[in-house]
Every structure is written in C-alpha cells, then in structure tokens.
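Accompanying notes for the structure given below.
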Amino acid sequence: MKRYSAFILAAAVIASAGCKPQHPSVIKVEPDFKPGDIQTILVLPVISLVTEGEDPLRESERITNRVLWEYISELGEYTFQSPETYRMKVYAARLSESIKDYNDKWASDHVVDENLLQVLSSLNVDMILIPLVYLWAKDEADYRETGSASATQVGMTISLVDPSTGRIMWEATDENYRESVRTEGDRVQATSGGINRRISGTSFSGKDIYAAPPFEDVVVMVVSALVDAIPEKLAPSK
C-alpha cells in the first residue's frame with residue numbers, strides 16, 4: 001500500500017511539473033530570421049497600452065524601460081543602442097510630436113510607421129527592438145473576505161523588426177503575476193531578493209488588506225523571461 005501511495009505521489013509530482021506555465025508563453029520566428037547576421041539592435045522606448053487613468057505616473061513605461069535596459073545590457077552577443085539614441089534621432093528629424101502617432105500605430109496595427117523607418121535607416125542598425133506592455137494591474141482585496149487574495153500582473157511583448165522592411169522577424173510574449181503577502185497596518189514587511197520592503201496594509205476603507213506586490217517584482221520576472229528567449233548569436237550565414 002505504501003509503495004502504491006508513493007507511486008501515486010510521484011506521478012502527481014511529475015504531472016504537476018508538466019503543467020507548469022511556459023515562459024515566455026508565445027514565441028514567433030520568421031523562417032528567414034538569421035541571428036548570426038545581426039550585429040546592432042536599436043532598443044525603442046517602451047510602448048504602454050495602459051491608460052493614464054490606470055497608470056497616471058506612467059510606471060508601466062518608466063519601470064519597464066529601466067529593467068529592460070538592465071537585462072538587455074547583459075547580452076554581450078549583440079551591440080545595443082539605447083532608447084535615448086532613438087529619441088535624439090527623432091528629435092533631430094523634428095518628428096518628436098509624431099512619436100505618439102507612431103506608438104499608436106504599433107499598438108493598434110503592429111506596424112512600424114514608414115516615416116519612422118526612413119528616419120531610423122541612417123543609424124545602420126540590423127534590428128529594432130520594440131517593447132510593448134499590454135497588462136499592468138493590481139488587485140488588492142480585504143483579507144477578511146473568504147478566499148480573497150491580492151495580486152500584481154504584468155504582460156509584455158518584445159519584437160525584433162527588420163528596419164529595411166518593417167517585418168517582424170522574431171517576437172516573444174509573456175505574462176506573469178505574484179500573489180500578495182498578508183499585511184497588518186504599516187507594521188508588516190515583505191521580503192523579496194533578500195530585501196525587506198515595508199508595505200502599507202490599510203485600504204482606503206481603513207481595513208487591513210493583503211497588499212499586492214510591487215510592479216517591479218513582476219516586471220523583473222517577465223523581462224528576464226523575454227530577454228532570455230532572445231536567440232543566441234550563431235555564426236554569420238553565408
């Protein structure tokens with residue numbers, strides 16, 4: 001009986017391991033995409049689909065830009081040009097006022113504006129990396145509600161675009177979340193990566209809540225998965 005129980009337990013562990021979500025959740029690659037031919041990649045500023053009402057401080061852009069650049073900079077196989085290079089080029093072309101239109105076109109149609117491609121062509125980059133945040137949410141619940149839990153969710157896509165054609169050659173999408181820690185007033189701290197963070201534990205109604213984790217903690221999870229998925233640089237094709 002013990003052997004049978006152990007077998008059932010082992011099978012359950014294997015099955016549960018096989019059901020774990022994959023990160024990134026989706027990867028698309030064009031057949032003629034050749035990482036070995038890529039030398040320089042221009043990283044564009046993060047485009048966020050999150051509304052001003054949901055994210056008045058534009059943390060979905062600010063936090064993700066910083067974390068993405070930190071992880072991208074560690075990839076020694078490619079040379080990356082920062083979003084600041086993009087901003088300077090667009091400013092020099094007197095197209096700063098059109099950036100929102102470019103972002104909207106990418107967000108709605110997943111297409112790079114032709115005028116923008118022409119402006120960036122002189123930078124002599126092999127690929128353009130476009131990051132898009134489409135999910136940025138916190139759900140904080142009163143812990144006294146049965147079965148309630150707070151969570152922070154982030155969803156993001158990064159695309160490698162051929163600057164000469166505007167084609168998306170490689171693309172990865174990922175979503176992740178982190179659940180709450182129990183809080184009691186302002187006394188409770190959450191530990192993440194060995195660092196204690198004080199979390200406010202009182203809702204607007206004055207009740208204690210499970211405080212949703214900081215956005216940055218989930219951004220790190222999503223960005224690291226996406227950046228790790230960028231293909232390794234192989235030998236240049238002949």
Any chance you could count how many residues in region 82-116 are outside any helix (DSSP H, G or I) and either open to solvent by less than 40 Å² (accessible area, probe 1.4 Å) or more than 22 Å from residue 68 (Cβ to Cβ) (or both)? 6
Does region 58-70 contain any residue that is at pLDDT 95 or above, in contact with a strand residue (DSSP E or B) (Cβ under 8 Å, 6 or more places away or on another chain), open to solvent by 70 Å² or more (accessible area, probe 1.4 Å) and assigned to a loop (DSSP other than H, G, I, E, B)? no
If you go through region 121-128 one residue at a time, do you hit one that is at pLDDT below 95, in a helix (DSSP H, G or I), within 20 Å of residue 169 (Cα to Cα) and not hydroxyl-bearing (Ser, Thr, Tyr)? yes
Working carefully through the options 161, 218, 154, find the one that is modelled with pLDDT of 80 or more, on the phi < 0 side of the Ramachandran plot, touching a helix residue (DSSP H, G or I) at 6+ places or on another chain (Cβ under 6 Å) and open to solvent by less than 50 Å² (accessible area, probe 1.4 Å). 154
Residue that is farthest from residue 69 (Cα to Cα) [pool: residues in region 23-57 that are part of a loop (DSSP other than H, G, I, E, B) and open to solvent by less than 60 Å² (accessible area, probe 1.4 Å)]: 33
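The values are calculated or read from the model by the stated rules, or taken from the named source; none is laboratory data. What you are looking at is a predicted structure, and each value in this text was computed from that prediction instead of being measured. In this analysis, Cβ positions are derived from the backbone assuming ideal geometry, glycine residues included, and neighbour counts consider all displayed protein chains. With ligands, DNA and RNA removed, areas are computed over all heavy atoms of the protein, side chains included. Shrake-Rupley method; radii C 1.70, N 1.55, O 1.52, S 1.80 Å.
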